[in-house]
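Novice: Handing you this structure, nothing more for now.
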Amino acid sequence: MILVAGGTGRLGTLVVRQLSEAGLRVRVLTRDPRRAEHLNAAHVEVVTGDVRDRRSLASAFAGVDTVVSAVQGFAGKGGVSPSSIDRDGNINLIEAARDAGADMVLVSVIGAAANSPMELFRMKYAAEQRLKGSGVPFTIVRASAFLELWIELMQDTAKRSGRPLVFGRGNNPINFVSVIDVAALVSRVVADPAKRGLSLEIGGPDNLSFNELANLVQRSAGRSKAPRHVPRPMLRAAAETVGRFKPAVGRQVRAALVMDSSDFTFDRNAVEEAYADLPRTSAESLLGQDQARAPAAGSP
Ligand SMILES: NC(=O)c1ccc[n+]([C@@H]2O[C@H](COP(=O)([O-])OP(=O)(O)OC[C@H]3O[C@@H](n4cnc5c(N)ncnc54)[C@H](OP(=O)(O)O)[C@@H]3O)[C@@H](O)[C@H]2O)c1
């Protein structure tokens with residue numbers, strides 16, 4: 001039995017479907033079973049629990065061989081935070097996995113480090129360290145920023161004005177990866193004991209600036225207007241003001257400032273050496289622009 005914590009989420013949904021289609025028995029942990037209704041067709045078990053509440057995890061782990069953690073507390077409902085979910089919630093899952101004699105596949109972030117300027121990255125690192133010292137057979141899958149999330153954000157912010165919103169200057173190259181590629185890797189490592197004890201990093205085929213991504217989103221919608229920008233001083237001010245009483249907004253604004261200025265590029269060669277058959281999903285292909293970019297027949 002594979003337990004997927006975060007199985008109702010963007011990445012988790014794909015992982016659950018792939019594991020279930022591969023013939024594995026899958027159980028999804030959620031705080032609210034209604035959020036798992038879209039998984040009905042995948043014939044999965046659904047169990048109610050909260051990673052912040054260790055006791056609520058006991059029944060979820062009955063008969064579990066491997067737990068996948070695809071939970072996140074960076075944003076979302078229920079007063080979540082990186083410290084309560086990405087660190088402490090994962091530590092609860094690690095301890096439950098140890099007690100149940102299960103393996104663990106932890107989804108983390110490329111750049112997770114004790115001294116990262118991003119709280120989320122520090123909390124993911126703390127969970128990684130705890131897992132490595134726990135005695136639980138583990139694989140860590142670190143991913144770059146999810147393409148689908150950022151594309152949706154740009155599509156949403158362009159709805160009224162016809163111009164997507166970019167936080168900061170938007171010219172810093174960032175590696176974006178599709179959840180399709182990450183789910184394929186997570187599903188493979190679940191069933192691959194040879195990868196226990198390893199951390200694998202997966203990014204997408206392209207490093208794109210937010211301005212470049214915004215232009216692709218515009219082109220796919222048949223628009224040509226340049227994106228709107230939230231200037232960096234305004235982001236800093238928002239972190240100090242709104243961020244004080246709305247911690248999730250503060251986190252997002254501070255993350256935007258870091259993503260606008262730090263190195264977020266990635267080269268995915270190593271993961272392709274580990275798994276040569278992984279999908280390689282580009283922003284253009286997600287936006288249905290393969291044709292637009294393909295050279296015309298007969299061109300040099
Ligand atoms: N988004 C990115 O750009 C990105 C980049 C790299 C890595 N990652 C990592 O990839 C993983 C999946 O991210 P995602 O964007 O697909 O997530 P998502 O769609 O936001 O889903 C979050 C999941 O976390 C679960 N969750 C949150 N709090 C919980 C709690 N207290 N107890 C139990 N479950 C809880 C939610 O379950 P319920 O709501 O059903 O309870 C939901 O299934 C995460 O580990 C994330 O950190 C994300």
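Novice: Tell me the residue from 248, 276 that is open to solvent by 60 Å² or more (accessible area, probe 1.4 Å) and hydrophobic (A, V, I, L, M, F, W, C), please.
Specialist: Answer to the check: 276.
Novice: Would you point out the residue of the range 28-47, among those that are near the ligand (Cβ under 9 Å from one of its atoms) and outside any helix (DSSP H, G or I), that is nearest to residue 189 (Cα to Cα)?
Specialist: This residue is 28.
Novice: Just checking, which of 198, 213 is in contact with a helix residue (DSSP H, G or I) (Cβ under 7 Å, 6 or more places away or on another chain) and in contact (Cβ under 8 Å) with a residue 40 or more places away in the chain?
Specialist: Going through 198, 213 in turn, just one is in contact with a helix residue (DSSP H, G or I) (Cβ under 7 Å, 6 or more places away or on another chain) and in contact (Cβ under 8 Å) with a residue 40 or more places away in the chain: 213.
Novice: If you go through the range 9-27, how many residues are crowded, with 24+ Cβ neighbours inside 10 Å and within 14 Å of the ligand (Cβ to nearest atom)?
Specialist: Result for the range 9-27: 5.
Novice: What residue, among those in the range 74-85 that are open to solvent by less than 30 Å² (accessible area, probe 1.4 Å) and out of contact with any helix residue (DSSP H, G or I) (no Cβ under 7 Å at 6 or more places or on another chain), is farthest from residue 149 (Cα to Cα)?
Specialist: 84
Novice: Output the residues belonging to the range 226-245 that are under 29 Å from residue 216 (Cα atoms) and not basic (Lys, Arg).
Specialist: 226, 227, 229, 230, 231, 233, 234, 235, 238, 239
Novice: Here's a follow-up. How many of the residues making up the range 67-84 are within 9 Å of the ligand (Cβ to nearest atom) and within 14 Å of the chain's Cα centre (by Cα)?
Specialist: Within the range 67-84, residues that are within 9 Å of the ligand (Cβ to nearest atom) and within 14 Å of the chain's Cα centre (by Cα) number 9.
Novice: Kindly provide the set of residues from the range 139-149 that are over 18 Å from residue 111 (Cα atoms) and open to solvent by 40 Å² or more (accessible area, probe 1.4 Å), ordered by number.
Specialist: 149
Novice: Follow-up question, since we're still on this one. Which residues, taken from the range 72-119, are basic (Lys, Arg) and in contact (Cβ under 8 Å) with a residue 40 or more places away in the chain?
Specialist: 87
Novice: Go through the residues of the range 87-96 one by one and say whether even a single one is over 21 Å from the mean Cα position of the chain (by Cα) and either among the acidic types (Asp, Glu) or surrounded by fewer than 21 Cβ atoms within 10 Å (Cβ to Cβ) (or both).
Specialist: Checked the range 87-96: at least one residue is over 21 Å from the mean Cα position of the chain (by Cα) and either among the acidic types (Asp, Glu) or surrounded by fewer than 21 Cβ atoms within 10 Å (Cβ to Cβ) (or both).
Novice: Evaluate the range 151-160: report whether one residue or more is buried (at least 20 other Cβ atoms within 10 Å of the Cβ) and over 21 Å from residue 11 (Cα atoms).
Specialist: Within the range 151-160, one or more residues are buried (at least 20 other Cβ atoms within 10 Å of the Cβ) and over 21 Å from residue 11 (Cα atoms).
Novice: Residues of the range 248-273 being of a type in the set (Val, Ile, Thr), at pLDDT below 95 and over 13 Å from residue 200 (Cα atoms), which ones?
Specialist: Hits for the range 248-273 are 249, 253.
Novice: Which of the residues belonging to the range 54-73 are surrounded by 12 or more Cβ atoms within 10 Å (Cβ to Cβ) and either charged (D, E, K, R) or in contact with a strand residue (DSSP E or B) (Cβ under 7 Å, 6 or more places away or on another chain) (or both)?
Specialist: Within the range 54-73, 54, 60, 61, 64, 65, 66, 67, 68, 69, 70, 71 meet the criteria.
Novice: Let me spell it out: the conditions are (1) outside any helix (DSSP H, G or I); (2) within 21 Å of residue 156 (Cα to Cα); (3) open to solvent by less than 60 Å² (accessible area, probe 1.4 Å), and residue 223 meets all of them except one. Which number is the exception?
Specialist: That leaves (3) as the condition not met.
Novice: Same structure, new question: Can you tell me which residue among 280, 244 is outside any helix (DSSP H, G or I) and basic (Lys, Arg)?
Specialist: When all the criteria are applied, what remains is 280.
Novice: I'd like to check something: does the range 100-109 contain any residue that is more than 24 Å from residue 195 (Cα to Cα) and near the ligand (Cβ under 9 Å from one of its atoms)?
Specialist: Checked the range 100-109: no residue is more than 24 Å from residue 195 (Cα to Cα) and near the ligand (Cβ under 9 Å from one of its atoms).
Novice: Quick one: how many residues across the range 127-148 are in contact with a helix residue (DSSP H, G or I) (Cβ under 7 Å, 6 or more places away or on another chain) and touching a residue at least 40 places away in the same chain (Cβ under 8 Å)?
Specialist: Total meeting the criteria: 13.
The values are calculated or read from the model by the stated rules, or taken from the named source; none is laboratory data. Just so it is clear, the model here is predicted, and its values are computed rather than measured. Note that we place each Cβ from the backbone using ideal geometry, even for glycine, and neighbour counts take in every protein chain shown. Areas reflect the complete protein model, heavy atoms only, side chains present, ligands, DNA and RNA absent. Shrake-Rupley method; radii C 1.70, N 1.55, O 1.52, S 1.80 Å.
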